[in-house]
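The values are calculated or read from the model by the stated rules, or taken from the named source; none is laboratory data. Note that the structure is predicted; figures quoted are calculated from it, not measured. Here the Cβ positions follow ideal geometry from the backbone for every residue, glycine too, while neighbour counts run over all protein chains shown. Note: accessible area is taken over every heavy atom of the protein model, side chains too, but ligands, DNA and RNA are not part of it. Shrake-Rupley method; radii C 1.70, N 1.55, O 1.52, S 1.80 Å.
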Amino acid sequence: GADPTSTWEDGRPLYTLPVIHDHTTGRIISDSTKIAFYLDDVYPDRPPLFPFNARAPIMMVNEFFAPTAMLPGGDMFSHGAFKRFASPSIEYIRRTRGDEMLTRVRNFSEEEHKRLWPAVREGFSKISKILSANGEDKVFYYGDNPSFADFIIIGYLHYIEVSFGAESVEWKDVREWDGGRWAKLLSFSQELKVLGEE
């Protein structure tokens, strides 16, 4: 019952995760941004994902963060993630993205890794410098209050963790970058996880 989130190059509908099914309203919503809009619209009594009823500033984060911090390491992150995928996932990627992409990512070299890792660091530091305008001790996009912008960044951080592994040198680096900003943001997501489990 969920709408497609996009289309394939040949025009077929593309369905992606996440998807929610709100049992209170019966609605099924796909695409993380549409889910966030929906939650703010339907449950205005909850802490807002888009403070001040302003969606544009956070949508700008959505457009800015990935090209700045993630794109420089795209194949590097995929290389790490692919090593952890089960065979059916690899076959799905081959079928939907093609052998060329799979071969490129599988053949990603240590030399490329060494060349690209500083660019990833530079991208994260550029974003950290912008966020520090709130104050060096402020972790969130809106200073003291978490918003959907923070969840966007947390999602990307978890992708890096999964790609390299929680015990990897790279992941330990990320947690120390920019005065530990990203580790502090992740500690907030861990608190939310504990609350959700309670």
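Quick notes
- Which listed residue is among the charged types (D, E, K, R), out of contact with any His (no Cβ under 8 Å at 6 or more places or on another chain), farther than 26 Å from GLY74 by Cβ and in contact (Cβ under 8 Å) with a residue 12 or more places away in the chain, from GLU170, GLU136: GLU136
- Test result for PRO72, surrounded by 12 or more Cβ atoms within 10 Å (Cβ to Cβ) and more than 15 Å from the chain's Cα centre (by Cα): no
- Qualifying residue in region 83-91 (condition: touching a helix residue (DSSP H, G or I) at 6+ places or on another chain (Cβ under 9 Å) and surrounded by 16 or more Cβ atoms within 10 Å (Cβ to Cβ)): no
Quick grid of which residues meet (1) charged (D, E, K, R); (2) over 24 Å from PRO44 (Cα atoms); (3) not in a helix (DSSP H, G or I):
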position: LYS129; (1), (2), (3): yes, yes, no
position: GLU136; (1), (2), (3): yes, yes, yes
position: LEU157; (1), (2), (3): no, yes, no
position: GLU161; (1), (2), (3): yes, yes, no
position: GLU170; (1), (2), (3): yes, yes, no
position: VAL174; (1), (2), (3): no, yes, no
position: TRP182; (1), (2), (3): no, yes, no
position: LEU185; (1), (2), (3): no, yes, no
position: GLU191; (1), (2), (3): yes, no, no
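- Region 112-129, subset over 28 Å from TYR38 (Cβ atoms) and of a type in the set (A, V, I, L, M, F, W, C), residue surrounded by the fewest Cβ atoms within 10 Å (Cβ to Cβ): ALA119
- Of everything in region 57-98 that is in contact with a Lys or Arg (Cβ under 8 Å, 6 or more places away or on another chain) and not β-branched (Val, Ile, Thr), the residue that is modelled with the lowest pLDDT is PHE82.
- Pair list, Cβ under 6 Å, 6 or more apart: region 107-127 residue free of Cβ contacts under 8 Å to residues at least 40 places away in the same chain, other residue open to solvent by 30 Å² or more (accessible area, probe 1.4 Å): PHE108/ASP75; PHE108/HIS79
- Only one entry in VAL105, VAL139 is open to solvent by less than 60 Å² (accessible area, probe 1.4 Å) and farther than 18 Å from ALA183 by Cα, namely VAL105.
- The set of residues from region 43-75 being touching a helix residue (DSSP H, G or I) at 6+ places or on another chain (Cβ under 9 Å) and outside any helix (DSSP H, G or I) comprises ARG46, PRO48, LEU49, PHE50, ARG55.
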